[in-house]
Amino acid sequence: MLSIRNISKRKSETTILDRITFDAPENTITGVIGPNGAGKSTLLRTIAGFENPDEGAVLFQDAALLSFKVKKQLFSYMPEYLELYPEYSVDEFITFIHRASGFSDANLLKALGLDKVLSKKVRHLSKGYKQRLKLYFALCNKKPIVILDEPFDGFDPIQLLEILQLIKREREAGRTFLISIHQLSDAEKICDHYVLLDEGRIVATGDKESLRRKFGIADASLERIFIEALK
């Protein structure tokens, strides 16, 4: 299990994250849900090791992850904004990934539809295909924990369904996902577990049924639950 314990992060006089504590169970998809400015991206960067917390710790199977080197072995991280070398062709970029990381996955390449655009320059790709390329970068390494920051922007409804199914298959193969999502309808389609975040604080955690019980609103949507949590 991935455990986050009392993570706090401050910038100047502003508290970005305030004593964040939750568990992301293994082989599940945990959604970090909240409006823009809630601290989602800062939280994921801090968990992945790209920012240092002012307080708190990240643990995996009850062992504290004290160095970026250790986190790098466990975590695959896809930031919301990732430079994709626009003058490379898709094939050249994928070759670069393989040489740099030592990982490749022809089945994943096909599942993402990237085999159809190998000769295209990255700068000529649609936003959806750029997102697919970023997902290939995040998923091809087979690390056990995948951290994705807003991975669904740029997909139409049919494309989104394909990507959601792909991520579910990866979970079923034994991977654990931590995903920040601002669209609550998307989160409901994929997440097993939720961390509801607002202004750098957790307002509720749990699966949808436990959250419904917590707020006494049977059959409520995630949107309704979140509204109740903010009251």
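The values are calculated or read from the model by the stated rules, or taken from the named source; none is laboratory data. Keep in mind it's a predicted model, so treat the numbers as computed, not measured. Quick reminder, even Gly has a Cβ in these numbers, built from the backbone with ideal geometry, and neighbours come from all protein chains shown. These area figures cover heavy atoms from the full protein model, side chains too; ligands, DNA and RNA do not enter into them. Shrake-Rupley method; radii C 1.70, N 1.55, O 1.52, S 1.80 Å.
Using Cα atoms only, what is the angle between the long axis of helix 90-101 and the major principal axis of the chain, expressed in degrees (0 to 90) to the nearest 10?
70 degrees
Quick one: order Lys116, Lys143 from most to least accessible surface, probe 1.4 Å.
Lys116, Lys143
Taking a 21 Å limit on the Cα-Cα distance, which of the listed pairs Lys69/Lys142; Lys9/Lys71; Lys9/Lys127; Lys143/Lys168; Lys72/Lys143 fall beyond it?
Over 21 Å Cα-Cα: Lys9/Lys127.
Accessible area per residue of the chain at 1.4 Å probe, in Å²?
50 Å²
Could you list the chymotrypsin sites (Phe, Trp or Tyr not before Pro) in segment 1-86 that lie in coil according to DSSP, counting only those with at most 16 other Cβ atoms within 10 Å of their Cβ?
Of the chymotrypsin sites (Phe, Trp or Tyr not before Pro), the ones in loops of segment 1-86 whose Cβ has at most 16 other Cβ atoms within 10 Å are Phe50, Tyr81.
Can you send over the carbon and sulfur percentage of the accessible area for the chain, probe radius 1.4 Å, protein chains only?
Reported share for carbon and sulfur atoms: 48 percent.
Given the options Ala187, Ala100, Ala57, state which has the largest fluctuation in a GNM of the chain using a 10 Å cut-off (strictly under) for Cα springs.
In this elastic network of the chain, the residue with the biggest mean-square fluctuation among Ala187, Ala100, Ala57 is Ala100.
For segment 1-131, what D do you get in µm² per second when you plug the Kirkwood radius from alpha-carbon pairs into Stokes-Einstein at 37 °C and 0.692 mPa s?
Calculated translational D: 192 µm²/s.
Take Ala220, project a point 7 Å from its Cα along the Cβ direction, then tell me which residues of segment 2-44 have their backbone nitrogen under 17 Å from it.
The answer is 33-35, whose backbone nitrogens lie closer than 17 Å to the label point.
For the chain, what's the relative contact order in percent, using C-alpha pairs closer than 8 Å and at least 6 residues apart?
Once divided by the residue count of the chain, the mean separation gives 28 percent.
Of all alpha-carbon pairs in segment 170-224, indicate the percentage at a distance above 19 angstrom.
Cα-Cα pairs in segment 170-224 separated by more than 19 Å: 30 percent.
Using only the alpha carbon atoms of segment 75-196, find the Kirkwood hydrodynamic radius as the inverse mean reciprocal pair distance, in angstroms to one decimal.
14.7 Å
Determine the equivalent ellipsoid of segment 138-229 by diagonalising the alpha-carbon gyration tensor, then write out the semi-axes as square roots of 5 times the eigenvalues, largest first, rounded to whole Å.
24, 15, 13
What does the accessible area of Ser3 come to, in Å² to the nearest 10, when a probe of 1.4 Å is used?
Taking all protein chains as shown, Ser3 has close to 10 Å².
Contour minus end-to-end for Met1 and Leu59, with contour as 0.36 nm per residue of separation and end-to-end as the Cα-Cα distance?
20.1 nm is the gain from fully extending Met1 to Leu59.
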